[in-house]
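Visitor: Submitted below is the structure of interest, expressed as structure tokens.
The values are calculated or read from the model by the stated rules, or taken from the named source; none is laboratory data. Keep in mind that this is a model prediction, so the values were computed, not measured. With ligands, DNA and RNA removed, areas are computed over all heavy atoms of the protein, side chains included. Shrake-Rupley method; radii C 1.70, N 1.55, O 1.52, S 1.80 Å.
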Amino acid sequence: MIDTTTSRHEIEKPADDSTWHKPNLKGDWCNIFLLTLLYTMQGIPFGLSVGLPIIFQSKNIVTYDDQGSISYVLWPYAIRLFWAPIVDSFYVRWIGRRKSWFIPLQYLIGALLLYFANNMDEWLPESGKPNLKMIVCLLFIINLLNTTQDIAVDSWALTMLKKNNVSYGSTCNCIGIGVGMFIGSVCPILLSSEQFCNRYLRLTPGTGGIISIKNIVFLWGVVFLMITTLVTIFKKEKDTSLEDVKINIFQNYKLIWSLLKLSSMRVFLIAVLTSTIGYSTMDTVVNLKLIDAGVSKDDIMLMTTAMSILRIFLPLPLAKYTGGPKPLSLYLKCTPIRLLWSVPYVLLIYYTPFLIKNNGVVNVPIYYYFILGFIFTINELLADIMIITHLSFFIKISDPRFGGTYLTLLNTARSLSWVIPNTVILKTVDILTFNKCSNDDHRSCSTTDFQNICNTKPGHNCVTILDGYYVEAAICMAIGFVWYAIFKSHYKILQSKNHSDWIVDLKRPISVYL
């Protein structure tokens, strides 16, 4: 059905919501659980995209430049704004505004996971270089679908929860994504590891893991199809036809332009786009450098497991702080601490070879795990607090009439602030690293060919003079403190503005729905 009724009246702004209403989850617990489940499903492909580079690095079969190319699979999270208006504009009314997109997208993701599992042996062999081209292309498509599902679910959260509980959408997001990333990254690596399974899961040693990565991906492909079917049958989308503003795709793109013309929004988007540069080296390279230094991927994943548990439960006690009227105050308090936390990471990377190796043999002492765990925990604690506060503020200022487009604009800025530095840092680690051939000051080890020439000469080997990681860590931390000095006062002003300062007026256009 196509509604061609046109109104000449402007859509009224929502009532000024400057008065903060205390959340009350009574009657919303089922919706909280469902939202967390939907975000968990989003986290699984994302976790798989993050976990595979760890596997590649542990096998020493890819360069940092290759890792930069692999990071392209996460770029859909940074460009989803281009099709967010389409998701907000077109839907099948009898199915539901958000379910119209959620259902087919989830079925497609499940089918592609099954296809990936079916080709896993060929694309990711036990030995030899993986088929990076096919893996990157398929994961890019899966994440493309996943980000579109994210647009629908973010918009759904604004209407699924009661108005005084919408700030809990950020809590559901963080818990669900944390669980999903654990399932998608940690589980495939540890459960397919012979060393881990023999040490912790088997009574008698065996060969291989207790389940292969192929079977794990296949299992979750099936689970995706099953959960999507259950949501399709049993979850009815709330009828918001009286509240929704039905605008066509062109009006939705105009909405983005109208939002960008808001002075508050421009300042905030610039701040968000540059907010993570200061810690991007920590978030991107540390695990890979630890593997290079001799720490096993299993130990890294065990630490990631502990961090995942922290990520799952941390949002709950933080909800009363992040759900308040001024969540960005907590963000500002954490910023300088996390920037300075780059120093312990640099020291950890530098001293790890001396702490875990004895005459070239890796023997990790118990105290090293405590040091590693302490440094990781503090960083994860600060990172999660900052993510939750940003997401909470996103939801606080969003207009539920255009929830998908509005939240996608903000989340796209947050994603861009992460994926661009991620790719740049991985691509430039080798460029900023300086090596030379020992006992031959005139011989460089800047390329693989030169390294092979040097290593074949008796008594010669490539020696690192300056690791590009340390250069990048220093540059990023300096940029982070400059960001803090510039935007600290802006954040305080922005969070004090009324909700009406974040709202735009649109004339009601011709509605388009089926």
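Visitor: To the nearest 10 Å², what's CYS174's accessible area with a 1.4 Å probe?
Guide: Here the accessible area works out near 10 Å².
Visitor: Roughly how much of HIS390 is accessible, in Å² to the nearest 10, using a 1.4 Å probe?
Guide: 10
Visitor: Residues with amide H under 5 Å of ASN435's amide H, sequence separation 5 or more or different chain, H placed in the peptide plane at 1.01 Å from N; which?
Guide: Residues meeting the criterion, in which the H sits 1.01 Å from N, are CYS445, ILE465.
Visitor: What list of ³J(HN,Hα) values in whole Hz, one per residue of segment 485-491 in order, does the Karplus curve 6.51 cos²θ - 1.76 cosθ + 1.60 (θ = phi - 60°) give from phi, with Gly and Pro shown as x?
Guide: Karplus-based 3J(HN,Hα) across segment 485-491 equals 5, 7, 9, 4, 5, 4, 4 Hz.
Visitor: Taking all protein chains together and a probe of 1.4 Å, list MET181, MET386 from the most accessible to the least accessible. Mind dumping the intermediate values first?
Guide: Numbers: MET181 35, MET386 10 Å².
Highest to lowest solvent-accessible surface, that is MET181, MET386.
Visitor: Tell me, what ³J(HN,Hα) does each residue in segment 340-346 have, in order and in whole Hz, if you take phi through Karplus 6.51 cos²θ - 1.76 cosθ + 1.60 with θ = phi - 60° and put x for Gly and Pro?
Guide: In residue order, the calculated couplings are 5, 5, 5, 5, x, 5, 4 Hz.
Visitor: Tell me which residues come under 5 Å, amide H to amide H, from LYS357 once H is placed; ignore anything under 5 positions away on its chain.
Guide: The answer is ASN363.
Visitor: Would you rank TRP502, TRP257, TRP94, TRP75 by solvent-accessible area, highest first, keeping every protein chain in place and using a 1.4 Å probe? Please report the intermediate quantities before stating the final value.
Guide: Working: TRP502 5, TRP257 155, TRP94 210, TRP75 70 Å².
Output order, biggest surface exposure first: TRP94, TRP257, TRP75, TRP502.
Visitor: Show me, for segment 214-221, the HN-Hα J-couplings you get by feeding each phi into the Karplus relation (A = 6.51, B = -1.76, C = 1.60, θ = phi - 60°), rounded to Hz, glycine and proline as x.
Guide: 4, 5, 5, 5, 4, 4, 6, x
Visitor: Tally up the carbon and sulfur contribution to the accessible surface of segment 150-215 as a whole percent, 1.4 Å probe, everything protein left in place. Before the final figure, lay out each step's value.
Guide: Numbers: 1500 of 2520 Å².
Roughly 59 percent, rounded to a whole number.
Visitor: While we're on this one: Under a 1.4 Å probe, what is the accessible area of segment 62-167 per residue, stated in Å²? Please list the in-between numbers first.
Guide: Numbers: 4030 Å² over 106 residues.
On a per-residue basis, segment 62-167 sits at 38 Å².
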